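Asker: Sharing a structure, written as structure tokens. Questions coming.
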Amino acid sequence: MAANIQQQFGEQLLRAAQVVEEQIDQEMNKLENLEEDDLEVIRRQRMEQMKKAQKDKIEMLSNGHGKYEEVADEKEFFEATKKSDRVVCLFYLPGNFRCKIIDKHFEILARRHVGTRFIHINAEKAQFLSTRLNIRVIPTIAIIVKQNTVDYIRGFDDLGGKDDFTTETLEHRLARSDVITVEKKHVAPAKKKIIRSGVDEYDNEEDW
């Protein structure tokens, strides 16, 4: 009698152990499937992000990003700022030596920062725009974000006050205005403000 009870008890324990084991197996399968599902979701999201990034890049390249171009007049300038959220524009005069220095650096930066449009415009042929943006020193770099002029670089004072500054010096100065992103050392943010037409104080490089 005792032996039968012990045998039944042992069988019950075995069945209970089997049930527990089956439940654990089921839970493990659920976890494994959940992980696979999550990975698949992540893969799909990543693929969508890559497709969107590629589409955005193609669109930006078609709008002139990735190269340094001249805009002929105010109409082309405003069209550029409408199509691109981030624009860097050099106001130049023909024959100005320091404008040619900026040209050299912008050729490099335009290829390096495809997300930003780099352009230049002859200030003499854009009198209305030059007056509106208070361009009175050549060279002047206007920084436009979402159709608002947020900063200026007038002359070379912000670039060390010398002609032989590096491309990286100009790059970091532009990054302070959030018109490009530099993935290096911390860049001190510039004071953000919307600059309208009016009188601003600045050190003269070349008046015109």
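Asker: With every protein chain left in place, what is the accessible area of residue 87 in Å² (1.4 Å probe, nearest 10)?
Answerer: Rounded to the nearest 10, the figure is 0 Å².
Asker: Need one number: % antiparallel among DSSP beta bridges in segment 65-176, to the nearest 5. Please list the in-between numbers first.
Answerer: Values: 12 of 21 bridges.
Percent antiparallel among DSSP bridges in segment 65-176 is about 55.
Asker: Between their Cα atoms, which of 75/100; 75/162; 83/104 are more than 27 Å away from each other?
Answerer: Checking Cα-Cα distances, 75/162 exceed 27 Å.
Asker: Roughly how many Å² of residue 70 are accessible to a 1.4 Å probe, to the nearest 10?
Answerer: Accessible surface of residue 70 is approximately 90 Å².
Asker: If you don't mind, there's one more thing I want to ask. When all protein chains stay in place, what accessible area (Å², nearest 10, 1.4 Å probe) is found for residue 136?
Answerer: 100
Asker: So, in nm, how far is label residue 46 from label residue 127 when the simple model puts each one 7 Å beyond its Cα toward the Cβ?
Answerer: With each label point 7 Å from Cα toward Cβ, the separation is 5.9 nm.
Asker: Okay, moving on. Taking 7 Å along the Cα-to-C-beta vector as the label spot, tell me the residue 18-residue 178 distance in nanometres, rounded to one decimal.
Answerer: The answer from the label model is 6.7 nm.
Asker: Now a separate question. With every protein chain kept in the model, how would you rank 171, 69, 22, 79 by accessible area, 1.4 Å probe, largest at the top?
Answerer: Numbers: 171 10, 69 55, 22 110, 79 80 Å².
So, going from the largest accessible area down, we get 22, 79, 69, 171.
The values are calculated or read from the model by the stated rules, or taken from the named source; none is laboratory data. Note that the structure is predicted; figures quoted are calculated from it, not measured. Positions of Cβ are generated from backbone atoms using ideal geometry, with glycine treated the same way; all protein chains shown enter the neighbour counts. Ligands, DNA and RNA are excluded from the accessible area calculation, which covers all protein heavy atoms including side chains. Shrake-Rupley method; radii C 1.70, N 1.55, O 1.52, S 1.80 Å.
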